[in-house]
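*Asks:* Got a structure here, written out as structure tokens. Questions coming.
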Ligand SMILES: Cc1cc2nc3c(=O)[nH]c(=O)nc-3n(C[C@H](O)[C@H](O)[C@H](O)COP(=O)(O)O)c2cc1C
């Protein structure tokens, strides 16, 4: 089937959201941990996290438009910090449940049964059950004029990766810790490893790296 821009615009809104969200493929499933200045914790699932660069280590995260109460965004603005915690197969349903609209004074950690953990100078809570996670300091906020979403650029200040997943060259084996990926608004997946390949060069076909 093919869809013109007009067809996409004419789709019922929920159908369009599922359809367009699925087009950009598998995304990472993360729990973003934050706190406000009164020490109230918040946890929310986000899939729009992308790598911006490794030196300096930067990530970007897209937040929905600031037109209703957004606890994660408000907390990040208040404290300047958040944590990103990879979701794994042991708590993917709890992770999904954090997207429910909980009251600001109710911690999603309690509501879904996950444990907050504090590491280093970051005031925002990590998710204890996550096996790959990092602390992020907000460096820039930019509104995307076309739809009102908010791009947050953050500096990675501290990383925590379980030994089992860390390879000798710095690669993190997400399969080993059964990290979960998201498609659309509600599809959850486990990765199926195909392998790692040598650095690509013109006129040479990449070879499989020893594991
Ligand atoms: C699979 C999935 C992915 C999501 N990704 C994002 C995202 O990237 N950005 C965002 O702002 N909200 C995202 N959401 C919605 C938030 O989880 C939801 O709005 C949550 O209630 C925010 O909570 P808060 O008000 O406590 O910050 C996603 C929800 C689901 C189920």
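Taken together, the values in this text are just the output of simple stated rules run on the coordinates, not laboratory data. What you are looking at is a predicted structure, and each value in this text was computed from that prediction instead of being measured. No Cβ is skipped: glycine too gets one built from the backbone with ideal geometry, and neighbour counts run over all protein chains shown.
*Asks:* When the Cα centres of the range 139-182 and the range 42-60 are compared, how far apart do they sit, in Å?
*Replies:* Cα centroid of the range 139-182 versus Cα centroid of the range 42-60: 4 Å apart.
*Asks:* Here is a follow-up. In what order do 91, 126 fall by count of nearby beta-carbon atoms within 10 Å, going from fewest to most?
*Replies:* Least to most surrounded, the residues fall as 91, 126.
*Asks:* Based solely on its DSSP helices, what 222 nm [θ] is calculated for the chain when runs of n ≥ 4 H residues each add -39,500 (n - 2.57) and the sum is averaged over all residues, nearest 500 deg cm²/dmol?
*Replies:* When only DSSP H runs of four or more count, the value is -4500 deg cm²/dmol.
*Asks:* Under a crude label model (7 Å from the Cα following the beta-carbon direction), how far is residue 200 from residue 66 in nanometres?
*Replies:* 3.8
*Asks:* For a protection proxy built on the mean count of beta-carbon atoms within 10 angstrom, sort 47-54, 99-106 highest first, please.
*Replies:* My ranking of the peptides, most packed first, is 47-54, 99-106.
*Asks:* Would you mind ranking 8, 150 so that the residue whose beta carbon has the fewest other beta carbons within 10 Å leads the list? Don't jump to the answer; show the numbers that get you there.
*Replies:* Values: 8 13, 150 17.
Arranged by neighbour count, lowest to highest, 8, 150 become 8, 150.
*Asks:* Ok, one more. If you rank 55, 158 by fewest surrounding Cβ atoms within 10 Å, what's the result?
*Replies:* 55, 158
*Asks:* Turning to a different aspect of this structure: Based on the Cβ-Cβ distance from residue 10 to residue 147, what FRET efficiency comes out when R0 is 22 Å, to the nearest 0.05? Could the numbers behind the result be given before it?
*Replies:* Values: r = 18 Å, r/R0 = 0.83.
That pair, residue 10 with residue 147, gives E of 0.75.
*Asks:* Just need log10 I(q)/I(0) for the range 27-187 at q = 0.09, 0.11, 0.12 Å⁻¹, Debye formula, equal scatterers on the alpha-carbon atoms, no solvent, rounded to two decimals.
*Replies:* -0.27, -0.40, -0.48
*Asks:* Sticking with this one: Cα centroids of the range 66-85 and the range 1-18: how far apart, whole angstrom?
*Replies:* Each part's Cα centre sits 31 Å from the other's.
*Asks:* Apply 1/(1 + (r/R0)^6) to the Cβ-Cβ distance of residue 106 and residue 37, taking R0 = 22 Å, and write down the FRET efficiency to the nearest 0.05.
*Replies:* So, using R0 = 22 Å, E works out to roughly 0.80.
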